[in-house]
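Trainee: I have a structure I would like to understand better, so I am pasting it below and will then ask my questions one at a time.
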Amino acid sequence: MAAETDVRLYLDPVLTDMAERGEHLFLRRLAAVLQRHGLTPHYHVQTPAERLASASRPGRAIYLMEPPLTDRGLTIRKNYIYPFWKIERSAERWTWPVAAARFDPAAAPQPQARRFARRIRDRLFGPEADRARRDGIVYVPLQGRLLEHRSFQSMSPVEMLETILRCDTTRAVHATLHPAETYTRPERAALSALADRHPRLSLVDRPMAALLQVCDYVATQNSGVALSAYLHRKPVVLFARSDLHHIAANVLDLGAEEALARAPDLAPDVDAYLWWILHDQSINAAVPETEDRIEATLRRHGWLG
C-alpha cells in the first residue's frame, strides 16, 4: 500500500540532483507539503523510458514541463521567471485556468504592484529597461515548426511573418530564431526566400534585451518574450493562444490587420498585470506563504483531503 502514497517527480538531470540534495527551493517546499500529508516524493530523470513507465506505476506523478501520462499526474513549470512556479493538469500554458481568467487592473493593490514590478524589472534588466525607445522595428521572436499551422495558432510562423510585412508597411521586421530549436533546410529556405522578397525583413542574431530596447512592439505566436516585452512596457501582438494574452492585441480575437494596427498604441497597466500574472496567479517559492499556496493548489487538483 505504501506505493499508493508515492509521488514520483520526473525532472531534468540538474533538478533531479538538486531535489535529492534539498537544494532547489520550490521542490524542497513542494516535498515538505507532500510529506506533511503522508505522501513520499521520489525523484526520477525524465527520460522517454521513465515517462513511459510512469503511466503504469502506482501512486501519483509530477512531470516537469511535460504532459501527464496518467490521470493521477500533474505538471510543474516555472512561470517564465524565477522564483514563480505553476502546478497544473496540462503542460499547455494556453489551457491553464489563468488563460481563461479575467484580468482587472483595478484589483492590483497599489503601490505594492508598482514596487513588485520594479523589483523584477531591475533584477532582470536593470536601468536599461526604463530607457527603452522605439526605433521603428517590429521584433519577432520565432519559435519552432515554422511551416506548420498548429491547432492553437492563427497561422504558421512563416505566414505570420508574411502577414506582419503586409499589414505593417513602414517598420523594419527583425526576426530571431529560438536557440533551443533545430530548424530544417525547408524552414531556413522559406525564411531566406521571404527575406529576398521583403528587404524590410532581417533575420538577426541579437540578444532579446537589445531588441526589446529598440523595438516598437513585439509580434509572436506565444513566446515567453511577451512577458519581457511587458517589463519593457512594449506592446505585444499574439498570433496564437497564450496565457499572456490579457493585455496583448490578439489575432485570434481581432484578426491580424486589426491587431497589428492597434499594437503600437497599446498602453496597458503593465505593473498591475505583472503583479497579477506572477504574484497572484502563480506560486512564489521565495515567500513565507509558499507552502500554503502549494497546499491550496494541490487541494484544488484533488490531491489532498
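Rule-based calculations on the coordinates, nothing more; no lab input. Quantities reported herein were computed from a predicted structural model and do not represent experimental measurements. When we count neighbours, we look across all protein chains shown, and the Cβ atoms used for this are built from the backbone with ideal geometry, even at glycine.
Trainee: If only Cα atoms are counted, what is the Rg of the range 105-279, and what is its Dmax, in Å?
Mentor: Rg and Dmax of the range 105-279, Cα atoms, are 16.0, 51 Å.
Trainee: Relative to a virtual label point 7 Å from the Cα of Ala193 in the Cα→beta-carbon direction, which members of the range 151-167 show backbone nitrogen distances below 14 Å?
Mentor: Backbone N within reach: 158-159, 162.
Trainee: With unit charges on the beta carbon (Lys/Arg positive, Asp/Glu negative), name the residue among Pro186, Leu244, Val214 whose Cα is farthest towards the positive pole of the charge dipole of the range 105-279.
Mentor: Val214
Trainee: Which order do the peptides 132-144, 175-187 come out in when sorted by mean C-beta neighbours inside 10 angstrom, highest first?
Mentor: 132-144, 175-187
Trainee: How large is the dipole of the range 105-279 about the Cα centre if only Lys and Arg carry +1 and Asp and Glu carry -1, each at its Cβ, rounded to the nearest 20 debye?
Mentor: So the magnitude is around 480 debye.
Trainee: Determine which residues of the range 114-157 fall in the zone a paramagnetic label at Ala209 would reach in this model, i.e. backbone nitrogen under 17 Å from the point 7 Å along Cα→Cβ.
Mentor: So the set is 118-133.
Trainee: Also: Which percentage, to the nearest 5, of the DSSP beta bridges contained in the chain is antiparallel?
Mentor: If we restrict to bridges inside the chain, about 20 percent are antiparallel.
Trainee: Which whole-number percentage describes the relative contact order of the chain, with Cα contacts under 8 Å and a sequence gap of 6 or more?
Mentor: About 19 percent, as a whole number.
Trainee: How compact and how long is the chain, expressed as Rg and Dmax of its alpha-carbon atoms in Å?
Mentor: Both quantities, over Cα of the chain: 20.9, 67 Å.
Trainee: Might you report the magnitude of the Cβ-based charge dipole of the range 208-305 about its Cα centre, with Lys and Arg at +1 and Asp and Glu at -1, to the nearest 20 debye?
Mentor: Around 200 debye, computed over the range 208-305.
Trainee: Something else about it: Suppose we keep just the alpha-carbon trace of the range 29-169; what are its Rg and Dmax in angstrom?
Mentor: Final numbers for Rg and Dmax: 20.5, 61 Å.
Trainee: Between His149 and Ala267, what FRET efficiency follows from the Cβ-Cβ distance if R0 is 35 Å, with the result rounded to 0.05?
Mentor: Given R0 = 35 Å and the Cβ-Cβ separation, E is 0.65.
Trainee: Another question about this same structure. Which percentage, to the nearest 5, of the DSSP beta bridges contained in the range 105-279 is antiparallel?
Mentor: Working: 1 of 16 bridges.
Here the share of antiparallel DSSP bridges comes out near 5 percent.
Trainee: Along the charge dipole of the chain, Cβ charges K/R +1 and D/E -1, which of Ala229, Leu52, Gly22 sits furthest on the positive end?
Mentor: With unit charges placed on the Cβ atoms, the residue in question is Gly22.
Trainee: Per 0.36 nm of contour for each residue apart, how much would the distance between Ala180 and Glu258 grow if the chain were fully extended, relative to their Cα-Cα spacing? Walk me through the numbers before you get to the answer.
Mentor: On the way: separation 78, 0.36 × 78 = 28.08 nm, distance 3.16 nm.
That pair, Ala180 and Glu258, stretches by 24.9 nm at full extension.
Trainee: Where the Cα atoms of the range 1-66 are projected onto their three principal axes, how long is each span, largest first, in whole Å?
Mentor: Its Cα atoms span 29, 27, 17 Å along the three principal axes.
Trainee: If each of Arg28 and Arg123 carries a label point 7 Å out from its Cα toward its Cβ, how far apart are those two points in nm?
Mentor: The modelled label-to-label distance comes out at 1.6 nm.
Trainee: What size of dipole, in debye to the nearest 20, comes out for the chain about its Cα centre when the only charges are +1 on Lys and Arg C-beta atoms and -1 on Asp and Glu C-beta atoms?
Mentor: Rounded to the nearest 20 debye, it is 320 debye.
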